[in-house]
Amino acid sequence: MSVELPPALRSALQRELEGVSRKGLAERASRTSEAYRAGKGSAGVIRALEDALAYALARLPATYAACATVFAEAARLAPGFAPKTVLDAGSGPAAASWAAREAWPGLAGVTWLDASAPFLDLAGRLAADAPPVIAEAARLKADLVGGGAWPRADLVAASYALAEIPPAAQAGVVRALWAAAEGMLVLVEPGTPAGYARLLAAREALIAEGADVLAPCPHARACPLAAPDWCHFTVRLPRSRDHKLAKGAETPFEDEKFAYLVAARPGVGAAARTSRILRHPRMGKPGLELRLCGPEGLETRLVARRDKAAFPRARRAGWGDAWEG
């Protein structure tokens, strides 16, 4: 399944690109990517609206796709959770806010929190023709590391934000995000070993605070994966012509690798825990092999072709899906 930007957001991004040099944006996007890979935060590289636009062209589709995938799973695991308010922490161009509204159409209030004025400005411009809850989002210019009295919200989301925070400050930021979350905290990070390590540390801190980890973990014990393996997932998204230019790519699609964590207040999520498929299922002569993380730890399970009930279900299952049975 391919995840696309909502039509209103796609149109707004295209409108912002009118009359803007694509070559110049591609050069800015390249410099921005290099800076992020070098460990620099957005404050040092997003200095003008053009920088924010270049970042959005290159990264907004993938960030939205990852957040939409994670929120859909969070909604599945907590069917009774219907957030009215969202705090989009480290919001950037507000991809998480748009994805949250798709997952929970009943949202009534959104707050964007970011240290970058150009990002907040671009988020507002992109939301000009958005549904009212996005178009009327409150804007809060603040640094995540600075803490302070952040607005409390039913749902707090921080997507691709922990990577910009000094390692020594990350645990404190996670605890502050959790303190602001009335119902659920969702963290999304790049699907790299480093992103996974940041989420492992966040998971430990949140469990210590009494959080109920809903996903992707089916248990609250130590993660059973050992290096060089790490927990991450992937989502496919289409690339527009401009997106391909900004990324210096030729393929018409992108596979975004991401890692995530969904933590909830006790009682918010479903009590049952199911296994999680950790990699693409492997088809063999006897049947499908599933690599699972289950309530009891890691497991490799063969779903035989002769199993008329389970095999068709296994064939429809994919990397990242829950698995029952």
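The values are calculated or read from the model by the stated rules, or taken from the named source; none is laboratory data. Every value quoted in this text rests on a predicted model; they were computed, and no experiment measured them. When we count neighbours, we look across all protein chains shown, and the Cβ atoms used for this are built from the backbone with ideal geometry, even at glycine. Calculation scope for accessible area: heavy atoms of the full protein, side chains included, ligands and nucleic acids excluded. Shrake-Rupley method; radii C 1.70, N 1.55, O 1.52, S 1.80 Å.
Principal axis extents of the C-alpha atoms in region 235-315 (largest first, rounded to whole Å): 45, 44, 20. Working ranking of peptides 85-96, 124-135, 163-174, 247-258 by packing, defined as the average number of other Cβ atoms within 10 Å per residue, highest first, is 85-96, 124-135, 163-174, 247-258.
For E299, E136, E189, write out the residues from largest to smallest accessible area, computed with a 1.4 angstrom probe and no ligands counted.
Values: E299 65, E136 145, E189 0 Å².
Heavy-atom accessible area, descending, gives E136, E299, E189.
In terms of its C-alpha gyration tensor, region 146-225 comes out oblate, because a/c is 1.5 or above while a/b does not outweigh b/c.
How fast does the chain diffuse by Stokes-Einstein, in µm²/s, taking the Kirkwood radius from C-alpha pairs at 37 °C and 0.692 mPa s? Don't skip to the answer; put the middle values down first.
On the way: Rh = 20.3 Å.
Approximately 162 µm²/s, per Stokes-Einstein.
Modelled spin-label separation between T274 and A48, with each label point placed 7 Å from Cα along the Cα-to-Cβ direction: 5.1 nm. For K247, the aspartates and glutamates whose Cα falls under 19 Å of its own Cα, not counting residues fewer than eight places away in the same chain, are E4, E16, E18, E27, E34, E50, D51, D255, E256. Rounded to two decimals, the Cα-based Rg/Rh of region 210-275, with Kirkwood Rh, is 1.16. A Gaussian network model of the chain, with springs between Cα atoms under 10 Å, assigns the largest mean-square fluctuation among F311, F71, F233 to F311.
Taking 0.36 nm per residue of separation and subtracting the Cα-Cα distance, full extension of the segment from R315 to E250 would add 20.4 nm. Extension gain, S11-A208: 0.36 nm per intervening residue step, less the Cα-Cα distance, totals 66.6 nm.
Contact order normalised by length for the chain, with contacts defined as Cα pairs under 8 Å and 6 or more residues apart; what percent is it?
Working: 616 pairs, mean separation 56.3, N = 325.
Contact order relative to length: 17 percent.
Approximating the spin labels as points 7 Å out from Cα along Cα→Cβ, the R282-to-R236 distance works out to 2.2 nm.
Within the chain, DSSP assigns beta bridges of which about 60% are antiparallel (rounded to the nearest 5).
Each pair of Cα atoms in region 48-145 enters the Kirkwood radius, and Stokes-Einstein at 10 °C and 1.306 mPa s then converts it into a translational diffusion coefficient of 117 µm²/s.
Take the Cα coordinates of region 169-211, assign each an equal point scatterer, and use the Debye formula without solvent to give log10 I(q)/I(0) at q = 0.22, 0.29, 0.31 Å⁻¹. Here log10 of I(q) over I(0) equals -0.71, -1.10, -1.19. Note on region 111-172: Kirkwood hydrodynamic radius from all Cα pairs is 13.0 Å, rounded to one decimal.
Take the residue pairs K23/K257; K23/K141; K84/K257; K23/K84; K257/K285; K84/K308 and return only those whose Cα atoms are more than 32 Å apart.
On the way: K23/K257 26 Å; K23/K141 30 Å; K84/K257 29 Å; K23/K84 41 Å; K257/K285 29 Å; K84/K308 43 Å.
Table pairs above 32 Å Cα-Cα are K23/K84; K84/K308.
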